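Undergrad: Sharing a structure here in structure tokens format.
The values are calculated or read from the model by the stated rules, or taken from the named source; none is laboratory data. Owing to the predicted nature of the structure, the values given are computational and were not obtained by experimental measurement. Cβ coordinates were reconstructed from backbone atoms using ideal geometry, including for glycine residues, and neighbour counts include every protein chain displayed. Each accessible area value is taken on the protein alone, full model and side chains, heavy atoms only, with ligands, DNA and RNA left out. Shrake-Rupley method; radii C 1.70, N 1.55, O 1.52, S 1.80 Å.
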Amino acid sequence: MKVGTDGVLVGAWTSIEKNPFSVLDIGSGTGIIALMLAQRTSSEIIDAIEIDADAYEQCVDNFEQSPWGDRLFCYHASLEEFAGEIEDKYDLIVSNPPFYSEDYKTQNNSRDLARFQDAMPFEHLLKNASKLLDEKGSFCVVIPFKEEASFLILAEKFKLFPNKMLHVKGNTTSEVKRSLIELSFHQSATHKDELIIETERHEYTQDYIKLTKDYYLKM
């Protein structure tokens, strides 16, 4: 499974200023965000949840082959199952949730349907993240920009408020495609930034290089 830009962005952008002891990656896929946070932090507990069997197997394999395998653990479970069984709270929760967007429509109807059914409803994500998050913790997520307003309204329902946001554009002339949002149970003025990924195809901006260079072999 390829490494997606969304996962790399949220893994690199997530603030670790509070030195989180425990981290949870929801919908880990191949484990990229959890692995990045293991590289960036000294967190002693870095858990991941992945429901898809193939992705789970690959995530476990990636964790075991990494230098941080003793701090990484992946659960093969749904978010609801996990939230129902785990009593511990996490200092930091991160997620690159599977979402369905018409940007991803293909000519293959069955594939579109599978993508739609696999998408994680934001209410489901926020409800369970709020259960699992420590009262002083942070929850960082990447979502489609056009979903930002409705996502923040839903988040408030679970007493989660945006503290900082990053709007991501593919290039200087494109529209904002993604929102990276840090939420917590504490209301504050929201710090907003913008990031442009490329100046032209495969020519990355200095801002993008600075944010992600520690995680690519060639950047």
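Undergrad: Out of the residues in the stretch 152-172 meeting the condition of being of a type in the set (A, V, I, L, M, F, W, C) and in a loop (DSSP other than H, G, I, E, B), tell me which one is surrounded by the most Cβ atoms within 10 Å (Cβ to Cβ). Reasoning before the result, please.
TA: Taking the stretch 152-172 as the starting set, the residues that turn out to be of a type in the set (A, V, I, L, M, F, W, C) are 152-155, 158, 160-161, 165-166, 168.
Retained after the next criterion (residues that are in a loop (DSSP other than H, G, I, E, B)): 158, 160.
Values: Phe158: 19, Leu160: 24.
Applying the filter and picking the extreme gives Leu160.
Undergrad: Which one of these does Ala114 not meet: (1) more than 25 Å from Lys164 (Cβ to Cβ); (2) at pLDDT below 70; (3) open to solvent by less than 30 Å² (accessible area, probe 1.4 Å)?
TA: Exception for Ala114: condition (3).
Undergrad: Restrict the check to the stretch 96-107 and report whether at least one residue is surrounded by 19 or more Cβ atoms within 10 Å (Cβ to Cβ) and modelled with pLDDT of 95 or more.
TA: no
Undergrad: Every residue in the stretch 126-167 that is touching a residue at least 60 places away in the same chain (Cβ under 8 Å) and more than 23 Å from Glu80 (Cβ to Cβ), please.
TA: Lys136, Lys164, Leu166
Undergrad: In a loop (DSSP other than H, G, I, E, B), touching a helix residue (DSSP H, G or I) at 6+ places or on another chain (Cβ under 8 Å), more than 22 Å from Leu132 (Cα to Cα) and aliphatic (A, V, I, L, M), is that true of Val8?
TA: No; evaluated as a whole, the condition is false for this residue.
Undergrad: Looking at the stretch 173-195, which of its residues are among the hydrophobic types (A, V, I, L, M, F, W, C) and either outside any strand (DSSP E or B) or open to solvent by 40 Å² or more (accessible area, probe 1.4 Å) (or both)?
TA: Scanning the stretch 173-195 gives Phe185, Ala189.
Undergrad: May I pose another question? Among the numbered conditions (1) surrounded by fewer than 24 Cβ atoms within 10 Å (Cβ to Cβ); (2) under 18 Å from the mean Cα position of the chain (by Cα), tell me where Tyr90 comes up short.
TA: (1)
Undergrad: Can you tell me which of (1) free of Cβ contacts under 8 Å to residues at least 12 places away in the same chain; (2) open to solvent by less than 10 Å² (accessible area, probe 1.4 Å) is the one Met36 doesn't meet?
TA: Here Met36 clears every test but (1).
Undergrad: From the residues in the stretch 196-210 that are touching an Asp or Glu at 6+ places or on another chain (Cβ under 8 Å) and of a type in the set (Ser, Thr, Tyr), which one is surrounded by the fewest Cβ atoms within 10 Å (Cβ to Cβ)?
TA: Selected residue: Thr205.
Undergrad: Only one of these conditions is not met by Lys213: (1) open to solvent by less than 40 Å² (accessible area, probe 1.4 Å); (2) out of contact with any helix residue (DSSP H, G or I) (no Cβ under 7 Å at 6 or more places or on another chain). Which number is it?
TA: For Lys213, the exception is condition (1).
Undergrad: Right, something else. Go through the stretch 50-89 and give me each residue that's aliphatic (A, V, I, L, M) and more than 18 Å from Gly29 (Cβ to Cβ).
TA: Listed by number, the residues that qualify are Ala83, Ile86.
Undergrad: Another one. Kindly provide the set of residues from the stretch 120-151 that are in a helix (DSSP H, G or I) and open to solvent by 40 Å² or more (accessible area, probe 1.4 Å), ordered by number.
TA: Once the filter is applied, which keeps residues that are in a helix (DSSP H, G or I) and open to solvent by 40 Å² or more (accessible area, probe 1.4 Å), the stretch 120-151 yields Glu123, His124, Lys127, Lys131, Phe145, Lys146, Glu147, Ala149, Ser150.
Undergrad: Return the pairs, sorted by first residue and then second, in which the second residue is of a type in the set (Ser, Thr, Tyr) and open to solvent by less than 90 Å² (accessible area, probe 1.4 Å), the first residue lies in the stretch 199-210 and is free of Cβ contacts under 8 Å to residues at least 60 places away in the same chain and over 16 Å from Leu166 (Cα atoms), the beta carbons are less than 9 Å apart, and the residues are 6+ apart or on different chains.
TA: These pairs meet every condition: Thr199/Thr172; Thr199/Thr205; Tyr204/Thr212.
Undergrad: Spot the failing condition for Val176; the list is (1) farther than 14 Å from Pro144 by Cα; (2) touching a helix residue (DSSP H, G or I) at 6+ places or on another chain (Cβ under 6 Å); (3) free of Cβ contacts under 8 Å to residues at least 60 places away in the same chain, and only one is missed.
TA: (1)
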